[in-house]
Amino acid sequence: MRKIIKLFFLSCVVFTLLSGCSNNQGVAESFPNKSIQLVVAYSPGAATDTQARIIAKYAKKYLGEEMVIVNKPGGGGQVGWNYFSSVKPDGYILSAYNLPHIITQPLVGDTAYEVETFDPIVNWGGDPTVFAVRSESNIQTLEDLIALAKREPGTLTIGNAGKFVGQHLAILLLENAASIDVEDVPFKGSSEAISSLLGGHTEILAGNLSDVYRLGDEVRPLAIASEERHPFAPDIPTFKELGYPDIIMSTDRGIAAREGTPEEIISKLESAFLKLLDDQDFLAEMEQAGADMLIMDRQQVTKEIDQRSKDYKQLLESIGVVD
């Protein structure tokens, strides 16, 4: 009798597993059969939003369904990503992610999401941090900025896209490296930080290269937080060549599914997005928008996030933000 009962339960387990696999496969085969939402945790017009909308423009060609951008700005991305942490993991609501933001913010604050909430599909771009001022500013160089900050500690205002996003980390790194104290001013996103700079409410912008590139003659870039000068803006000196080699920072962007999304659906999405990211018309439009491509597949970006999680924790410890 015991053997019969044991065999019965084993049969049930095997049947359940096989049914689950069959159901997942069936769902994946019909996916997608309606529009897909892409949550952008920043305001319309900001760099992430601008680039995500270009991706959405080409999405139907490769996904077979429309992609709809859903903006949920606030808290340097936290409002949108907190919302994303509660969505159904079925592949119909995806999120644009930003690095280091989704790694650093849970380390320093109370967020509904962890980095594990995001199951990465592809990475599409990298966007080095640039410090810039209005074109009419008396601050001509990074040296001018540092000298002013030393004369008037705690008064120089630097706007950024939110607490513990890449641009804010670059400010913290400069304060630490140059032994200065500035007033960092976080906004909901980069579009608000740019408006504040152009309106004369803040003196400096710590922003994305793509945004500074699009602003043209309205601003004067002071330094870029990349290893080498950037081909989009070869006249901008690096922090490294100006004597601050540790100030290397960018905002990298990609698309993630909610943790728990079936692997078959994620694989289908990855395949479609990788084809989209290789579309020559798409690439030309992204270049026109000042978007620097940094394409990584699912395996590559997963490895990158794992490594950066360790690196950023060490960085935050080194500058005294976390213990």
| Taking region 124-167 on its own, how many of its residues are surrounded by 24 or more Cβ atoms within 10 Å (Cβ to Cβ), among the acidic types (Asp, Glu) and at pLDDT 95 or above? | 0
| query | What is the residue count in region 278-318 for residues that are more than 17 Å from the chain's Cα centre (by Cα), touching a residue at least 24 places away in the same chain (Cβ under 8 Å) and not in a helix (DSSP H, G or I)? | reply | 1
| task | Please state which one of GLU285, GLU241, GLU264 is surrounded by fewer than 15 Cβ atoms within 10 Å (Cβ to Cβ) and either aliphatic (A, V, I, L, M) or over 18 Å from LEU99 (Cβ atoms) (or both). | result | GLU241
| task | Go through region 144-214 and tell me which strands (runs of 3 or more DSSP E), entirely inside it, have 1 or more residues that are among the β-branched types (Val, Ile, Thr), more than 23 Å from GLY290 (Cα to Cα) and without any contact (Cβ under 8 Å) to a residue 60 or more places away in the chain. | result | 157-160, 183-186
| Evaluation of ILE248 against (1) touching a helix residue (DSSP H, G or I) at 6+ places or on another chain (Cβ under 8 Å); (2) hydrophobic (A, V, I, L, M, F, W, C); (3) surrounded by fewer than 22 Cβ atoms within 10 Å (Cβ to Cβ) (one fails), failing number | (1)
| task | With the condition kept exactly as written, say whether any residue in region 225-234 is assigned to a loop (DSSP other than H, G, I, E, B), hydroxyl-bearing (Ser, Thr, Tyr) and within 25 Å of GLY77 (Cα to Cα). | result | yes
| task | Would you check which residues across region 292-320 are crowded, with 17+ Cβ neighbours inside 10 Å and farther than 13 Å from ASN123 by Cα and list them? | result | ARG308, SER309, TYR312, LEU315, LEU316
| field | Unique match (being in contact with a helix residue (DSSP H, G or I) (Cβ under 8 Å, 6 or more places away or on another chain) and surrounded by fewer than 17 Cβ atoms within 10 Å (Cβ to Cβ)) among GLU227, GLU218, GLU270 | value | GLU218
| request: State all residues of region 80-116 that are more than 24 Å from ASN33 (Cβ to Cβ), under 14 Å from the mean Cα position of the chain (by Cα) and polar (S, T, N, Q); if no residue qualifies, say none. | output: ASN98, THR104, GLN105
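The values are calculated or read from the model by the stated rules, or taken from the named source; none is laboratory data. All values reported here derive from a predicted model rather than from experimental measurement. Note that we place each Cβ from the backbone using ideal geometry, even for glycine, and neighbour counts take in every protein chain shown.
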